[in-house]
């Protein structure tokens, strides 16, 4: 076990726009090599009252980038006299990522709501590119979701449809990506404010080759007869 | 000394001439196996995952198999090498049966054979990339041993491979005792498997528990464990420390 391996959030992160706002989602696994250092991390971090950021890649790098951006945005909000727009927040993230591209290893998704543009999602992958998208996926688990979203994403979803889609998607990624796991956290941002939700690991749907959880083999053995043991 | 599976280690390449085939690094791997001695014999547990790097590719891989009449073999590491080992053992048992002399290979003998195979492969810089747990009962004598990919081998009352070395063995050292009942043994193994599920990235929530007694081998049907996420600290861990974990 390499205890000197950097803390990375292998991760699955998602941001989806819907009719009225955005839904951000993430898993909760932070690993040091193959060891799960934190099984209930919070990867969706606040930048301002109305803008949040999903972090993936190096835990240290993503934290420091969001700390800097939160600091700049705070000053910007004071100067501007009103809440910062999602676009400004995302571009500040881009500047930090781009200008330090040789040193940083973090992929980010910025999502929020402002009164000018409504709900917006911006993806900022490694290197510091900024891409505005109706939905974005990131982290190691995202590779398992491109096909899923190609098929399942639709324009003009409701808040509940969007959140269900995000939870389903993160759950599918967790099923196949060893670097993703734990609980699913979602953050919904719209004109009314911000809602945080929590979906524990045992409440998620089961996928192919997964079985309903039991308390113990002893219960399985005592509940069914004939004996379910096989040679 | 590295006693566990190294799924990410460098190839041992001191010889530079052209090789026909040798395992440089593993591809499809299984994670921890745990074994304990209990009142009637041996209990062993392993999940059913076959990882392909960080992808949880195969989720119904049986990593524990009966060997002959008296032994049970569990393996972590490269699955193809495990399958090759099963072929070697199959041949070994076949030849043993062909003697038709009423004698049969016990767990101690099978363990010794495996140790020789693993060590000799290691000496040729072409290891079978596995950590093995071999348990069994013969004539009332319980036996539980382990062999690694470099030929390190020993027996004990409780053994584990891979991450199990770090996460399960401390629990077993504290809670194992002589003459565990079947129920207590199963609960102890499940406790270890649950910790592995939380903390080992390559663990998969589908496992089997196998037992071997004088009567024979039984491997349970696959099942999943419940996990607990209800700590209040998990709800909003970054309240008051925005930007942290």
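Nothing in this text is a laboratory measurement; each read-out follows from the coordinates by a stated rule. Source: prediction; values computed, not measured. FYI the Cβ positions are ideal-geometry reconstructions off the backbone, even for glycines, and counts take in every protein chain you see.
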For residue B:233 and residue B:154, extending 7 Å from Cα along the Cα-Cβ vector and measuring point to point gives, in nm, a value of 3.3 nm
Separation of the stretch A:32-49 and the stretch B:155-199 by C-alpha centroid, Å? 29 Å
Quick one: among A:25, A:182, A:81, which has the greatest mean-square fluctuation in a GNM of chain A with alpha-carbon springs under 10 angstrom? A:81
Rounded to the nearest 500, what is the 222 nm mean residue ellipticity of chain B from helices alone, with -39500 (n - 2.57) per DSSP H run of 4+ residues and division by all residues? -9500 deg cm²/dmol
Going by a ≥ b ≥ c, the root eigenvalues of the Cα gyration tensor, does the protein assembly as shown fall in the rounded group (a/c under 1.5), the prolate group (a/b larger than b/c) or the oblate group? prolate
Taking the Cβ-Cβ separation of residue B:101 and residue A:160 as r and a Förster radius of 60 Å, what is the calculated FRET efficiency to the nearest 0.05? 0.25
If the elastic network links every pair of Cα atoms under 10 Å, which of B:100, B:156, B:81 fluctuates the most in the Gaussian network model of chain B? B:100
Rounding to the nearest 10 and keeping the result within 0 to 90°, find how far the Cα-based axis of helix A:86-99 lies from the longest principal axis of chain A. 90 degrees
With springs only between Cα atoms under 10 Å, which of B:172, B:180, B:94 fluctuates most in a Gaussian network model of chain B? B:94
Quick check: from the Cα gyration tensor, does chain B come out rounded (a/c under 1.5), prolate or oblate? oblate
Per the helix-only calculation at 222 nm, which mean residue ellipticity applies to chain A, given -39500 (n - 2.57) for every DSSP H run of n ≥ 4 and division by its residues, nearest 500 deg cm²/dmol? -9500 deg cm²/dmol
Using a ≥ b ≥ c from the Cα gyration tensor of chain A (square roots of the eigenvalues), is it rounded, prolate or oblate, where a/c under 1.5 gives rounded and otherwise the larger of a/b and b/c decides, a/b for prolate? prolate
